1. Just to be sure I follow: if Rg is taken over the C-alpha atoms of the chain and Rh is the Kirkwood radius over the same atoms, what is Rg/Rh?
2. With equal scatterers on the alpha carbons only and no solvent term, can you work out the Debye log10 of I(q)/I(0) for the stretch 44-110 at 0.12, 0.17 1/Å?
3. Which one of N195, N301, N105 has the biggest mean-square fluctuation once the chain is modelled by GNM with Cα springs under 10 Å?
4. Each label point is 7 Å from the Cα along the Cα-to-Cβ direction; what then is the distance between the points at T147 and L44, in nm?
5. For the pair I248 and F98, how long in nm is the line joining their label points, each one 7 Å along Cα→Cβ?
6. With θ taken as phi - 60° and the coefficients 6.51, -1.76 and 1.60, list the Karplus ³J(HN,Hα) couplings across the stretch 204-210 in order, rounded to whole Hz; mark glycine and proline as x.
7. What are the extents of the Cα atoms of the stretch 115-196 along their three principal axes, listed from largest to smallest and rounded to whole Å?
8. Place a point 7 Å from Cα of A346 in the direction of its Cβ. Which residues in the stretch 231-251 have their backbone N less than 20 Å from it?
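Just so it is clear, none of the values below were taken in a lab; they were calculated from the coordinates. Since we're looking at a predicted model, the values are computed, not measured. So basically every Cβ, Gly included, is an ideal-geometry build from the backbone, and we count neighbours across all protein chains shown.
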Amino acid sequence: MYRMILLMLMFLSCSVSMADTVTKESTKKEVNASRDYILGAGDLVRINVYGAPDMLTEARLSAAGTITFPLIGELKLGGTSPTAAEKRIADLLEKGGFVKKAQVNLVVLQYQSQFVSVLGDVYKPGKYSLDRPSTLSDVLALAGGITPNGSDMVTLIRTTAGKTTKENYDFRDLITKADAGSNPQVSGDDIVYVNAREVSVLGQVNRPGKYSVVSGVRTVIDFLSQAGGVSAGGADKIIVVTKRNGKILKREIDVDLLYRTGDTSGNFELADGDSIYVPRTPVFYIYGEVQRPGSFRLERNMNLSQALSTGGGLSARGTERGMKIKRLVNGVLETLNAKASDLLQADDVVFVGESLY
């Protein structure tokens, strides 16, 4: 019993020690981060000189980034870190002969100078104060993260010396890669915009509309599934329009190859602004002496003999002799003599005549 109590006390002691270590490490990181903060207009600072309590100063940086400090007068601190500001004050006090070996401590009481705007598809869009050096992931976390309708594409907009630049970052790279290029530092007045990544699925699908790219929904098949699949009136080939590097590309993809084979060339990832269009299936028309005259779906490589079967076959008075196909060729409607092995084209009109014998 005594041994069990001893073990429990040792465990509790270790737990408290580990928690204390983690807390100290976290506090240390926060302090180091605040020491790298760049001071700016509106920041409230407290400056203390060791051994000189009459110099204790609390001041807010002016629009020009300056304060008034005892014995020194107007002092520009904007654009420097607290550490650099401490050294500068100490140097000025020593050079002026006011304090020997001055030890200066500067603490930021209120961070008011640097703000970043986080807009678009985030849970809490708005303007956030940067109280320490922050990365793109940091400010996204401040805004509550990306909504389900948000894109993986995040745009960082920055204005420097009157020139505005835009850089796009992939949120997946930001999470999976541990390099600064994927998760850059943000600065005051930056704008972080989370795009609403939408792909249009139009034409002969069961639920046409716009769909967001979210986790697990990125490829052509994914978006066709989101739209309920190709409807009964949809064609065998679909059209995918993409924009890459400023170029608009139009690709025709075979639906059968997309679903039924291992060919993945047509199942690529889509981006914001891309679109899928499923055209109406091509049809042909058959009239005259057949059992069921009308319009019918034109199957792939369908010949005239198969078309007759689709129409229920010849009527009692029908004949395959002298069958005609009316076809639009280069904008001109032509009448062609036809035989059973001829392949049909979209919008062909087949006429079956009456037997005279």
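1. 1.33
2. -0.25, -0.52
3. Of N195, N301, N105, the most mobile in the Gaussian network model is N301.
4. If labels sit at T147 and L44, their model points lie 3.5 nm apart.
5. Reported label-point gap for I248 and F98 is 6.7 nm.
6. 7, 10, 6, 9, x, x, 10
7. Dimensions of the stretch 115-196 along the principal axes of its Cα atoms: 35, 26, 23 Å.
8. Inside the label zone: 231-242, 249-251.
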